[in-house]
């Protein structure tokens, strides 16, 4: 399974070019963010219709990062596609914007 993460300090965001790439493929979230962006651009996937961020396993997002390379990066982002084994329950950990993927384990207080 492929997952998109940010690999530098700053945080996850996509470029307007990446959103347009996704929208051209029919991605509703990217279309909505482009329509809602007005004069500003953030690239997080939040819109009036959807309060959640982009799904990191979205095939359109993965295709945008693979096709556009650095052109997919939003402000203060360096996106990369990480391939993890199918069926793994994972979580994305963030340290000052740098993200890593970890397998979910049980823990008790």
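The values are calculated or read from the model by the stated rules, or taken from the named source; none is laboratory data. This structure is a prediction, so every number in the text was calculated from the model and none was measured. Cβ coordinates were reconstructed from backbone atoms using ideal geometry, including for glycine residues, and neighbour counts include every protein chain displayed.
For the range 72-89, residues that are surrounded by 13 or more Cβ atoms within 10 Å (Cβ to Cβ) and within 15 Å of the chain's Cα centre (by Cα) total 10. One residue stands out in the range 43-53 among those that are at pLDDT below 90 and surrounded by 14 or more Cβ atoms within 10 Å (Cβ to Cβ): the one that is nearest to the chain's Cα centre (by Cα), namely 45. Across the range 71-109, the number of residues qualifying as at pLDDT 95 or above and under 12 Å from residue 14 (Cβ atoms) comes to 7. Surrounded by fewer than 14 Cβ atoms within 10 Å (Cβ to Cβ), more than 12 Å from the chain's Cα centre (by Cα) and modelled with pLDDT of 95 or more, is that true of residue 39? When the stated conditions are applied, residue 39 does not pass them. Selection of the range 34-88 for residues being more than 16 Å from residue 22 (Cβ to Cβ) and out of contact with any strand residue (DSSP E or B) (no Cβ under 7 Å at 6 or more places or on another chain) yields 38, 39, 40, 48, 51, 70, 75, 76, 85, 86, 87. Among the residues of the range 90-109, write down those that are within 21 Å of residue 6 (Cβ to Cβ), out of contact with any strand residue (DSSP E or B) (no Cβ under 7 Å at 6 or more places or on another chain) and surrounded by fewer than 10 Cβ atoms within 10 Å (Cβ to Cβ). Within the range 90-109, 95, 96 qualify.
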